[in-house]
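Taking it in order: structure first as structure tokens, then the write-up.
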Amino acid sequence: MTKGTQKKRCASCGFPDAKKRTYNWSAKSIRRRTTGTGRMRHLKQVQRRFRIWLSMVKMNDFVIQ
């Protein structure tokens, strides 16, 4: 984390600003910091639950409405 001494703001993420610093001209850097690069403690469980639910639906031939 490169924090400027004068501005006291992180060069890569913009900390301590409320919103994260992102620009569309740096698509590669957005890709590095996006969902799925960390632990995903909650999303992993959501995906697993969805997959199990989907297999149950296919097994029982339910119609999704």
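Using a simple spin-label model with pseudo-atoms 7 Å out from Cα toward Cβ, Arg9 and Phe50 lie 3.5 nm apart.
Here the 3J(HN,Hα) profile of the range 31-42, calculated from phi with Karplus coefficients 6.51, -1.76 and 1.60 at θ = phi - 60°, is 4, 5, 10, 7, 4, x, 8, x, 7, 6, 4, 8 Hz, Gly and Pro shown as x. Applying the criteria of a DSSP loop state and at most 16 other Cβ atoms within 10 Å to the chymotrypsin sites (Phe, Trp or Tyr not before Pro) of the chain yields Tyr23, Trp25, Phe62.
Positive-end ranking of Thr35, Ser12, Trp25 along the dipole of the chain, with charges on Cβ about the Cα centre, is headed by Ser12. Scaling the Cα radius of gyration of the chain by the globular reference 2.2 N^0.38 Å produces a ratio of 1.84.
Straight-distance candidates among the lysines for linking to Lys8, with alpha-carbon spacing under 28 Å and chain neighbours fewer than 8 residues away dropped: Lys19, Lys20, Lys28.
Each residue of the range 48-54 was assigned a 3J(HN,Hα) from its phi angle through the Karplus expression (A = 6.51, B = -1.76, C = 1.60, θ = phi - 60°), giving 5, 4, 5, 4, 5, 4, 5 Hz with x at Gly and Pro. Within the chain, the longest run free of exposed loop sites, counting trypsin sites (Lys or Arg not before Pro) that sit outside DSSP helix and strand states (H, G, I, E, B) and have at most 15 other Cβ atoms within 10 Å, spans 40-65.
Readers should treat all values here as calculations from the given coordinates under stated rules, not as data from a laboratory. From a predicted model like this one, the values you see are computed outputs, not experimental measurements. With ideal geometry, Cβ positions are generated from the backbone for all residues, glycine too; neighbour counts draw on all protein chains shown.
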